[in-house]
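Notes for the one structure printed next.
Laboratory data are not the source of any read-out in this text; all were calculated from the coordinates shown. Keep in mind it's a predicted model, so treat the numbers as computed, not measured. Neighbour counts run over all protein chains shown; Cβ positions are idealised from the backbone, glycine included.
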Amino acid sequence: MSGNLALWAAAGTGIQVGAAIVASRYALSEMSPSVLALLRYAVGFLFLAPVAWRLGLVRFAIGDVVPLALLGIGQFGILVALLNAALLYIPSAQAALLFSTFPFMTLLLASALGRETFSIPKAVAVGLTIVGVGLTLGSDIILTGDGAALWTGAAFALASAFTGALCSVFYRPYLQRYPTVQVSAFAMLASVGFLAVIAAGEGFFTALPAYSAAGWGAVLFVGISSGIGYFLWLYALERATPTRVTVFLALSPVTAALIGALWLDEPVDGGLAAGIGFVAAGLWAMSRQQAIEPRDNS
């Protein structure tokens, strides 16, 4: 039961990430990547803080405070700022496709660091989802557009995926020692402080921002959904290995492609059905393996 809930939580996060990518691309027409990231997680923290307070304050060990803060800054600050920067150069579906390399990077990192055992079935499952994402979006979305913009956006998106993979691998030991909601709130607060410094350097606090109602709506959606999505993400990471959780991010490009086509009129190739089939096959293959590994302190 716990294993099934972890997989459902991971799936929910994958869908949330795809929807947030599209909403973020819309909001970036009015604000910078760092300001959007700041507002996103300020809203997310305000959403999570009352829940964490009601559940009770947690005293983190002194030696865990800095690592948890750095993981929060990486997961919320650096990862999202890089992904937002990618969205300035490439469409949301394309950014989501490149970001879907997250599970493969996670598998390689976790295996290299001894946090997870590499296996052919895992690699096949991850590979199926990546092929499915590629078919979903089609070759046109990869090959069209300005070459310099494509490479710049791709570099930002891949750097974002690598940051997420690194954080996912190192989060698990702390999630086995502390409650998920409190870890989420603390990590998010650390990222808000980090992003506030960057936004201040851009002059964000010198005058009241003049964003449209639609822009603020996009920020609120991304912020609240991120608070919920990050709780689900950590809940899943606590109960399953990083690769089994991150493979569900393959749902994010599919979600981004569908919403982007409906909301932003972004192109989607005709291979959507075949791509979804490959994604489903990869997720099924991963879920068929032992979903929950014994807890450890690694």
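Fully extending the segment from residue 216 to residue 120, taken as 0.36 nm per residue of separation minus the present Cα-Cα distance, adds 30.0 nm. Once a ≥ b ≥ c are taken as the square roots of the eigenvalues of the Cα gyration tensor of region 1-124, is the result rounded (a/c under 1.5), prolate (a/b larger than b/c) or oblate (a/b not larger than b/c)? In terms of gyration-tensor shape, oblate.
Projecting label points 7 angstrom from Cα along Cα→Cβ for residue 5 and residue 205 puts them 4.0 nm apart. Take each peptide in 198-211, 28-41, count the other Cβ atoms within 10 Å of every residue, and average; sorted highest first, the result is 28-41, 198-211.
Of interest is the spacing of the C-alpha centroids, which for region 12-72 and region 182-240 amounts to 4 Å. Would any residue of region 204-240 have its amide N under 17 Å from a label point 7 Å out along Cα→Cβ of residue 177? List them or say none. Counting backbone N atoms under 17 Å from the label point, the list is 238-239. Cβ-Cβ distance of residue 151 and residue 62, R₀ of 25 Å, FRET efficiency by 1/(1 + (r/R0)^6): the value works out to about 0.05.
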